[in-house]
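K.L.:
Next up is a structure, given as structure tokens.
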Amino acid sequence: MADYLNPAAWIFAFIQALLFAAAAPLLVAWVRRVKSRLQNRSGPELMQPYRDLYKLFGKQAMVSQNTSIIFRAAPYIVFCTTWLAAAIIPLVVTQLPTAAIADVIVLVGFLALGRFFLALAGMDVGTAFGGMGSSREMLISALAEPAMLLAVFTVAMTAHSTNLSSVIEHVLNSGIILRPSYLFALFALMLVAVAETGRIPIDNPATHLELTMVHEAMILEYSGRHLALMEWAAHIKLMLYGVLIANVFFPWGIATNFSTSAVAIGLLAITLKLILLAIILAISETVLAKMRLFRAPQYLNLALLLALLGMLSHVILEVGT
Amino acid sequence: MNLLQLSLLEQAIFVSAALILFVSFSLLAQRRLVASIHAFAWQGALVAAVAALVAAASGENHLYMSAILTFGLKALLIPWMLHRLVRMLELERHVEQLKRPALVIMAGAALVIFSYWVSLPIGRLDMAATRNIVAISLSVVMLGLLMMVTRQQAVVQVIGFMSMENGLFLAAVAATHGMPLVVELGIAFDVLVAAVIFGVFFFHIRENIDSLDVDRLNLLTEKEDDKP
């Protein structure tokens, strides 16, 4: 358990949160690059998302006169909740004070809060697309959230803690051990991550195709710095799920103390893990086609079933008598 | 009992058993006939893998024999026969409309919990370390039964029946390191003969009612407009 009165640890947590926000656009750019290479395109440069964000921050934000305060506040709330959620997840070091004061349920809560305001902002303008996007987003998240919580609880039950630092250290300390429950929880969490970050079988992040968009429909009315914050929050969310999957299920390499060498190894390890995960994501996005919206509940039912099986196989096979 | 005390081989047995349970669920929710046959073949292969892993972990060599037998029969021969039947019946593109798929899956999950509760006392017996798998195999049997109850298509019902047999075999292998080879050979040929007889029956059913939808066996007349 981390000591949350240690000032050095707080500095580390702060640097790590900054690193999270700074690296998130790079991860998105990397996914786009691998994807375009797989599709025989040259693709944009790795710095392109940074340039886009810089450009958007410099532009004037246009706000429709029909909107209320919620529309203007939502980008800040969405960005802050996503960033705070990201700060809970151990990225390079496990002994985080932020992970000690907030566990994985808080993480899900932060994400839900952000999503709530995102959906409100989509409806606030009063355009047809915004409302449609919000209703779709709520449909997907209402089905994805139980699956995510079940998957997370499966992992928490093995570690006897919902604290992410303790979970990761428990997995590290128990060595290489094949757990059927982890296998199912991993796949469930991957399916949920794809649905929640709006990647391909559920939503297509690359287009503004009017009839099928979910996330893009909600932020259609945003411009300037508001749009930049929304985009940045989406980038952080993708990285958040990536780091969560990488560090909970494959924690090897993460630093457990603050020594320079351990932190350097941790940084290298998480970079490699994210590069690999992004390649898997890009391949799956290239192979799969986008699903009809009405098939999304089936997809998320599969995630829920996997998470449920993970929990059941934990109880049946791993606890025993 | 803790998973940490088991060897890596025994952990692999647990993982394969959990995967067998997952395949059972995917059989339950699969609409396409050909995909169901493939899933059934995968289940047979996983059961054979469990038998081979148990053989490797416990050193009982006769289990290798039954692993090979299971693989040849359940993963290759019977799926091939079913596939040929489906081709002869021209059902390759058959897609069944499931009634309330989510509810069936939930019922399946409830059956797993029920099986766990029923087989709790078995965990207290002094049997092999893999005795917890009995709960999994009982749920595979129950899920096969549920599949036979909820489906109307005759071929799918046969697949459900065969997957019940997979569950029984899994229980025998995991809890008591397999049955005597004579019994195993007997059951294997039983299943094989059953597959052949079912095949003959399919043709008879189809000749009589022009379909393999078992619900239509309840109708007394052959007129189409009598159907609800």
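K.L.:
Before we move on, is A:Leu300 closer than 23 Å to A:Arg115 by Cβ, away from every other protein chain (no Cβ under 14 Å) and part of a helix (DSSP H, G or I)?
P.N.:
Against the criterion (closer than 23 Å to A:Arg115 by Cβ, away from every other protein chain (no Cβ under 14 Å) and part of a helix (DSSP H, G or I)), A:Leu300 does not qualify.
K.L.:
Answer yes if at least one residue in segment A:200-217 is assigned to a helix (DSSP H, G or I) and touching a Leu at 6+ places or on another chain (Cβ under 7 Å), and no otherwise.
P.N.:
no
K.L.:
A further question follows. Can you find a residue in segment B:132-143 that is away from every other protein chain (no Cβ under 14 Å) and either outside any helix (DSSP H, G or I) or of a type outside the set (Val, Ile, Thr) (or both)?
P.N.:
no
K.L.:
Got a number for residues in segment A:145-166 being free of Cβ contacts under 8 Å to residues at least 60 places away in the same chain, buried (at least 17 other Cβ atoms within 10 Å of the Cβ) and within 14 Å of another protein chain (Cβ to nearest Cβ)?
P.N.:
Number of matching residues: 1.
Residue by residue, here is whether (1) aliphatic (A, V, I, L, M); (2) closer than 30 Å to B:Arg124 by Cα holds:
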position: B:Gly178; (1), (2): no, yes
position: B:Val183; (1), (2): yes, yes
position: B:Ile187; (1), (2): yes, yes
position: B:Ile209; (1), (2): yes, no
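K.L.:
Okay, moving on. A:Ile316: away from every other protein chain (no Cβ under 14 Å), out of contact with any Cys (no Cβ under 6 Å at 6 or more places or on another chain) and either farther than 30 Å from A:Thr207 by Cβ or not in a loop (DSSP other than H, G, I, E, B) (or both), yes or no?
P.N.:
Taking the combined requirement at face value, the residue does not satisfy it.
K.L.:
Please work out if A:Ala13 is assigned to a helix (DSSP H, G or I), closer than 20 Å to A:Ile265 by Cα and either of a type in the set (Gly, Ala, Ser) or in contact with a strand residue (DSSP E or B) (Cβ under 7 Å, 6 or more places away or on another chain) (or both).
P.N.:
So A:Ala13 passes the test.
K.L.:
When you go through (1) surrounded by 17 or more Cβ atoms within 10 Å (Cβ to Cβ); (2) within 14 Å of chain B (Cβ to nearest Cβ); (3) basic (Lys, Arg) one by one for A:Arg225, which number turns out not to apply?
P.N.:
(2)
K.L.:
Right, something else. Look through segment B:84-102, keep the residues that are within 11 Å of another protein chain (Cβ to nearest Cβ) and in a helix (DSSP H, G or I), and return whichever of them is surrounded by the fewest Cβ atoms within 10 Å (Cβ to Cβ).
P.N.:
Residue satisfying both the conditions and the ranking: B:Ala102.
K.L.:
If we keep just the residues of segment A:128-139 that are among the small types (Gly, Ala, Ser) and surrounded by fewer than 18 Cβ atoms within 10 Å (Cβ to Cβ), which is farthest from A:Glu196 (Cα to Cα)?
P.N.:
A:Ala128
K.L.:
Now for a different question. Considering only segment A:186-198, I want to know if a residue exists there that is closer than 19 Å to A:Leu240 by Cβ and at pLDDT below 90.
P.N.:
The answer is yes; a qualifying residue exists.
K.L.:
Here's something else I'd like to know. Among the residues in segment A:167-177, are any of a type in the set (D, E, K, R), closer than 30 Å to A:Ala255 by Cβ, in contact (Cβ under 8 Å) with a residue 60 or more places away in the chain and outside any loop (DSSP other than H, G, I, E, B)?
P.N.:
yes
K.L.:
Would you confirm whether or not segment A:239-259 contains a residue that is over 20 Å from the mean Cα position of the chain (by Cα), part of a loop (DSSP other than H, G, I, E, B), modelled with pLDDT of 90 or more and not hydrophobic (A, V, I, L, M, F, W, C)?
P.N.:
no
K.L.:
Given (1) assigned to a helix (DSSP H, G or I); (2) small (Gly, Ala, Ser); (3) buried (at least 17 other Cβ atoms within 10 Å of the Cβ), identify the lone condition not met by A:Ala142.
P.N.:
Among (1) assigned to a helix (DSSP H, G or I); (2) small (Gly, Ala, Ser); (3) buried (at least 17 other Cβ atoms within 10 Å of the Cβ), the lone unmet condition for A:Ala142 is (3).
K.L.:
Here is a follow-up. Against the definition (among the β-branched types (Val, Ile, Thr), surrounded by fewer than 17 Cβ atoms within 10 Å (Cβ to Cβ) and away from chain A (no Cβ under 14 Å)), how does B:Ile159 come out, yes or no?
P.N.:
It is false that B:Ile159 is among the β-branched types (Val, Ile, Thr), surrounded by fewer than 17 Cβ atoms within 10 Å (Cβ to Cβ) and away from chain A (no Cβ under 14 Å).
K.L.:
If I go through segment A:237-296 residue by residue, how many of them are closer than 24 Å to A:Pro25 by Cβ and among the basic types (Lys, Arg)?
P.N.:
So the answer is 3.
K.L.:
Kindly provide the set of residues from segment A:173-185 that are modelled with pLDDT of 90 or more and either surrounded by fewer than 22 Cβ atoms within 10 Å (Cβ to Cβ) or among the aliphatic types (A, V, I, L, M) (or both), ordered by number.
P.N.:
Passing the criteria: A:Leu183, A:Ala185.
K.L.:
Moving on. Which number in (1) among the charged types (D, E, K, R); (2) within 9 Å of another protein chain (Cβ to nearest Cβ); (3) in contact with a helix residue (DSSP H, G or I) (Cβ under 7 Å, 6 or more places away or on another chain) marks the one condition that B:Arg124 misses?
P.N.:
Just one mismatch for B:Arg124, condition (3).
K.L.:
Now a separate question. Could you say which residue among B:Ser36, B:Ser7, B:Ser58 is within 14 Å of another protein chain (Cβ to nearest Cβ) and at pLDDT below 95?
P.N.:
Testing whether each residue is within 14 Å of another protein chain (Cβ to nearest Cβ) and at pLDDT below 95 leaves just B:Ser7.
K.L.:
For B:Leu76, state whether it is among the aliphatic types (A, V, I, L, M) and surrounded by fewer than 21 Cβ atoms within 10 Å (Cβ to Cβ).
P.N.:
yes
The values are calculated or read from the model by the stated rules, or taken from the named source; none is laboratory data. Note that this is a predicted model, so its numbers are computed, not measured. Cβ atoms come from the backbone with ideal geometry, glycine included; neighbour counts cover every protein chain shown.
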